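For reference, the structure is listed below as structure tokens.
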Amino acid sequence: MRRPTKEEGLWLVPLIIVLLLWEFIAGYVIKDPLILPRFSAVIFSVYALREVLILDILVSLLHFCIGLALAFAVALPLAIAMGWFRSVFKAIDPIIEIIRPIPPLAWIPLAIIWIGLNHYAAGFIIFIGAFFPILIDSYTGFRDVPRVLVETGNVLGCIGNIKLIRYVALPYALPSVATGTRVGMGVGWMCVVAAEMFGVGNSGLGYRLFQKFYFLHQMDYVVAYMLILGLLALILDRVFRYFVEDKLFRWKKGIVK
């Protein structure tokens, strides 16, 4: 078993320094909680929100899962087609490049009209944010499969596009798919606030954050929800990296510990 090292706890040092500086600057330099609330006040706000916080987290995770699952289900087959078949890439790439620069916020009116004020409308906004990173990284992985691997697959009996994609291209492109999925998760999570601002079910971290600022100007609660959003993003990223990078792609680490 690997023994814990001193370096594993080094992340606590800058974190503690930042929190102490935050408390000091907010309390003794700025002295205005509307501009920057103290860290202790934010922690108290988290405690005060304990009755609604769990529901808000679950609702936001529901929206996130709907959007991410839809993005992955649509992006991966399209990435395989675009990366493996040049004609498909030439036909679809201009459409993708026209739609990709449109911010997810711009889709909110259409989401409300097309879908209505429900969880799927929020999931649609998150889908827009997560779809393009997954698609681009994934089809890049399929497009960059070395020709020598394809020729070797043909020699070993992988005849036809279906077998070549399954046994040659997909294993080679999986790290790129994982990278795109990780980036898409980050972008999709950033879209949670925008997706929930229009009041889907009157709950969710994004809805509550907007409500506390726009209607009540309770900045300590606003910062509390911001920290919760960041902490959940960290947890989601660490869980993904543990199961995908540390377990599924353990072979990529080589001899480096």
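Worth pointing out:
- Filtered residue count, the stretch 31-57, keeping only those that are of a type in the set (A, V, I, L, M) and in contact with a Ser or Thr (Cβ under 9 Å, 6 or more places away or on another chain): 2
- Set side by side, the residues A69, A122 differ, and just one is at pLDDT 95 or above and either touching a Gly at 6+ places or on another chain (Cβ under 7 Å) or at negative phi (or both), which is A69.
- Reported count of residues in the stretch 39-60, each being crowded, with 16+ Cβ neighbours inside 10 Å and free of Cβ contacts under 8 Å to residues at least 24 places away in the same chain, is 1.
- Some residue of the stretch 167-182 being among the polar types (S, T, N, Q) and surrounded by 20 or more Cβ atoms within 10 Å (Cβ to Cβ): yes
- Within the set I54, I66, I102, the sole residue that is among the β-branched types (V, I, T) and outside any helix (DSSP H, G or I) turns out to be I102.
- Qualifying residue in the stretch 228-235 (condition: more than 12 Å from the chain's Cα centre (by Cα), modelled with pLDDT of 90 or more and not charged (D, E, K, R)): yes
- Any pair with Cβ under 8 angstrom, 6 or more apart, that starts in the stretch 12-35 at a residue that is in contact (Cβ under 8 Å) with a residue 24 or more places away in the chain and ends at one that is surrounded by 10 or more Cβ atoms within 10 Å (Cβ to Cβ): P33/A26; P33/A41; P33/M219; P33/D220; L34/H217; L34/M219; I35/M219
- Hey, A169 in contact with a helix residue (DSSP H, G or I) (Cβ under 8 Å, 6 or more places away or on another chain), part of a helix (DSSP H, G or I), closer than 18 Å to C65 by Cβ and touching a residue at least 60 places away in the same chain (Cβ under 8 Å) or not: no
- Matching residues in the stretch 29-47 - criterion: being on the phi < 0 side of the Ramachandran plot and not in a helix (DSSP H, G or I): D32, P33, L34, I35, L36, P37, R38
- Count - residues of the stretch 112-131 that are more than 13 Å from A69 (Cβ to Cβ) and within 20 Å of the chain's Cα centre (by Cα): 5
The values are calculated or read from the model by the stated rules, or taken from the named source; none is laboratory data. None of these values were measured; they are calculated from a predicted model. We place every Cβ from the backbone using ideal geometry, glycine too, and count neighbours over all the protein chains shown.
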